[in-house]
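Note sheet for the following structure.
Laboratory data are not the source of any read-out in this text; all were calculated from the coordinates shown. Please read all numbers here as calculations on a predicted model, not as lab measurements. No Cβ is skipped: glycine too gets one built from the backbone with ideal geometry, and neighbour counts run over all protein chains shown.
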Protein chains: 4
Amino acid sequence: MGNKSIQKKNYIIEKANHVFVKKGFRSVTMKDIVEACDISRGGLYLYFDSTESIFRAVLEAESAKVDPGLARKLSDKPTNNDILTLFFYEQKKAILERRGSLLVAMYEYSFEQHENKEKTLLSNQMDASVKFLEDILKKGTEAGEFSVDDHRLMAQNIVYTLEGMKLMSRTSFLNEEDVNNQLVLIMKSILPKN
Amino acid sequence: MGNKSIQKKNYIIEKANHVFVKKGFRSVTMKDIVEACDISRGGLYLYFDSTESIFRAVLEAESAKVDPGLARKLSDKPTNNDILTLFFYEQKKAILERRGSLLVAMYEYSFEQHENKEKTLLSNQMDASVKFLEDILKKGTEAGEFSVDDHRLMAQNIVYTLEGMKLMSRTSFLNEEDVNNQLVLIMKSILPKN
Amino acid sequence: MGNKSIQKKNYIIEKANHVFVKKGFRSVTMKDIVEACDISRGGLYLYFDSTESIFRAVLEAESAKVDPGLARKLSDKPTNNDILTLFFYEQKKAILERRGSLLVAMYEYSFEQHENKEKTLLSNQMDASVKFLEDILKKGTEAGEFSVDDHRLMAQNIVYTLEGMKLMSRTSFLNEEDVNNQLVLIMKSILPKN
Amino acid sequence: MGNKSIQKKNYIIEKANHVFVKKGFRSVTMKDIVEACDISRGGLYLYFDSTESIFRAVLEAESAKVDPGLARKLSDKPTNNDILTLFFYEQKKAILERRGSLLVAMYEYSFEQHENKEKTLLSNQMDASVKFLEDILKKGTEAGEFSVDDHRLMAQNIVYTLEGMKLMSRTSFLNEEDVNNQLVLIMKSILPKN
DNA sequence: CATGAATGAGAGTTCATTCAT
DNA sequence: GATGAATGAACTCTCATTCAT
């Protein structure tokens, strides 16, 4: 695939992203993508052969976008508390972000995959979050910033709670205050009591 | 609608239930239902005009089934702790129950509803859970069984965590031990410290 | 399938027959059949799910048509020579019949099947012809009507020659006289010399 | 067309040959050829504008290949019997050769051409065979090697039989012994009786 | 000459929905 | 009420063919 086609592929991924944000995963058709990209039916098939392959490419592109942002916001020698705070800040954004979020599409996609006994992307993402938090909590506790007994258990608890809120905000109505309050509650259970 | 018709309608609802359990919501077609019920295409339309109306009926029937079970299991004078324990027991079942659950269908349906700015069934269900827990926590704290400051906040936290686990078990792999550990963690944060 | 649909199915088979006669097998599309039958796209799929299944049904219907005709033309006590003559007469018709013949479609279909290592319909038909001829030649030789050493070998030879002529008439130009001459040549090699 | 172009054209013809051998004629697409040749889509169109034109070129190239082989195998002063034997040997190879044969493609192509009232290549080939055999039989009979009355009729009969066997071997299962037996039977009907 | 991206026509297939019986 | 045949819109996917580079 030439240079030019890589550009086109990225263009399709970008346009498709909007479609998945708007319609979720299951109800998106090749026709939807074709129309969003304003290309020919056959043209799309030069790059992707199913909505699923497009969606995977969209997620990949998305994950490439996310990481750099996180790092830049941190000071040179961040405390574990700093890192956790930033993590919560990002999560809060993900929870409340209604427009532009691929979350619903990702849930729908994961439901399908899970039926087929495959390891879902969502699952990988959550595992990564648990590992990340576990590590922070451990280091933070050792440094006296936090006071957590079972790091893994608490990490899981936090991830479940965050995921629950994400789900809530897509099926119910969740406001920023509620999210803030929950994050404070979590912080309280982590910080040393005295 | 005659007596016979009501029977038929219930028969359809029961059969459709299995279909939604198996296939979620979005991918279920009128044809699926027709085949599951072994009735005529036109026949189904006498009772329901879309998969959505069938699904709503299925959920309604489901909610009618659930409640009585809960009450019966409680002793005459249950403590708030008893009630909470029973609630957790039921939730645990809902989290781990892979076959026979309408959860995925309900998520898919709620995503669609929420897009249309409608109040989702899931939302109502979660609100009810929060209220229920809030009430128990309040009474329990007053009775000295629990020690919770902000009843509403903690109730929400519990609901989010539970919902997060439900989601996890449909997109990832969650075992009973993990659930138990989480429930223990929640109980610890509720029970009086000393 | 109700009474009415059997009629419709037969109607489709009849119309499809013309299509296969005209276009062979490979280039016939579901659309061709739909248009020949003047029914809806979806309508056809109620009865058949591929051109192949239609073609098989056409062949089946065709073979049901053929047999009765043969029997009726024979006298009460036909000699083996009578039977053979009738057989040749039918074969001559099949060779020369340009309009209305499914032969080309059958060849095309058989080529495909044979690629897939399946026993082809054509193959079965030819086997049946060989067996039939072998039997006639044997009885005829015993009755002194014919003088054939190796019945099976001669039966095969006749079948190959006939098939060769059929093929010729679809790829080249074969006139009735040529066919007659060949049949006379075959008869000469069968009849007793003296 | 330059020297280089002719080389490329021959390269395409050679690769296309394999494709036609494998898939027959009708189901071969320009895409198949492009992929087999590993050239660009547009590139193919510089040399050929349809699968039909490619196939014709393939057949032409094929016929150029065949003849020299035949001649070389003959002794200086071959008898007519020698020539006929060699002819039968080549035919036997053509009948039994399953891989590498263009026969099915040629049949499919000829069916199409014949529909359009064109003189088919197959037809020309068979005419040539008849003429060739007629000549041999005539000369052989004159030389006392054979004993054939109507040379043309017998030549046709042989060609039909051979063609019938070729067809059989592509739609049914034909073994070498059967072919040998048929050839012996033919020889018997040609050789002088005494 | 050669490339390969792009097009659009057209085939296959499925489904919600209607309607005569 | 109940049936199930029939419709036609919508979707997926593939190919021959063109054309800017």
Item to check | Likely footprinting exposure, B:V34, C:V28, C:V58, fewest C-beta neighbours within 10 Å first | outcome: B:V34, C:V28, C:V58
Checklist outcome for this item: For A:M187, A:M165, D:M106, ascending order of other Cβ atoms within 10 Å (fewest first) is A:M187, D:M106, A:M165
Next on the checklist: How would the protein assembly as shown be classified by its alpha-carbon gyration tensor: rounded, prolate or oblate, with rounded meaning a/c under 1.5 and the a/b versus b/c comparison settling the rest?
Outcome noted: prolate
Checklist entry - Pairs C:K9/D:K119; A:K22/A:K188; B:K8/C:K8; A:K138/B:K193: which are spaced more than 27 Å apart, C-alpha to C-alpha? => result C:K9/D:K119; A:K22/A:K188; B:K8/C:K8
Checklist entry - In peptide D:110-116, how many Cβ atoms from other protein chains are near each Cβ within 10 Å, on average? => result 5
Checklist entry - To the nearest 20 debye, what charge dipole does region C:1-64 have about its Cα centre, counting +1 at the Cβ of each Lys and Arg and -1 at the Cβ of each Asp and Glu? => result 100 debye
Next on the checklist: What does the structure give for D:152-164 when I average, per residue, the other chain Cβ atoms found within 10 Å of the residue Cβ?
Outcome noted: 6
Checklist outcome for this item: Ordered by fewest other Cβ atoms within 10 Å, a rough proxy for footprinting exposure, C:E118, D:E177, A:E108 read D:E177, C:E118, A:E108
Item to check | Under 19 Å from A:K15, Cα to Cα: lysines that are on another chain or at least 8 residues apart | outcome: A:K4, A:K23, A:K31, A:K65
Checklist entry - How many nm separate the modelled label positions at A:N175 and C:S63, each set 7 Å beyond the Cα in the direction of the Cβ? => result 7.7 nm
Next on the checklist: Restricting to DSSP loop positions (anything but H, G, I, E, B) with no more than 15 other Cβ atoms inside 10 Å of their own Cβ, which trypsin sites (Lys or Arg not before Pro) remain in region A:82-179?
Outcome noted: A:R98, A:R99, A:K117, A:K119
Item to check | aspartates and glutamates with Cα under 12 Å of C:K93, excluding same-chain neighbours fewer than 8 positions away | outcome: C:E176
Checklist entry - Under the definition of partner shielding as Cβ atoms of other protein chains within 10 Å of a residue Cβ, what is the mean value for peptide C:171-177? => result 5
Item to check | Relative contact order of region B:73-194, pairs being alpha-carbon contacts under 8 Å that are 6 or more residues apart, as % | outcome: 30 percent
Checklist entry - How high is the FRET efficiency from A:D149 to B:D127, r the C-beta distance, R0 41 Å, rounded to 0.05? => result 0.80
Item to check | Volume in Å³ per residue [convex hull over Cα atoms, computed for chain B] | outcome: 144 Å³
Item to check | Solvent-free Debye scattering, log10 I(q)/I(0), computed from the Cα coordinates of region B:90-168 at q = 0.24, 0.26 Å⁻¹ | outcome: -1.13, -1.21
Checklist outcome for this item: In chain D, taking the dipole from +1 charges on Lys and Arg beta carbons and -1 charges on Asp and Glu beta carbons about the Cα centre, the listed residue (D:G42, D:Y107, D:F173) farthest towards the positive end is D:G42
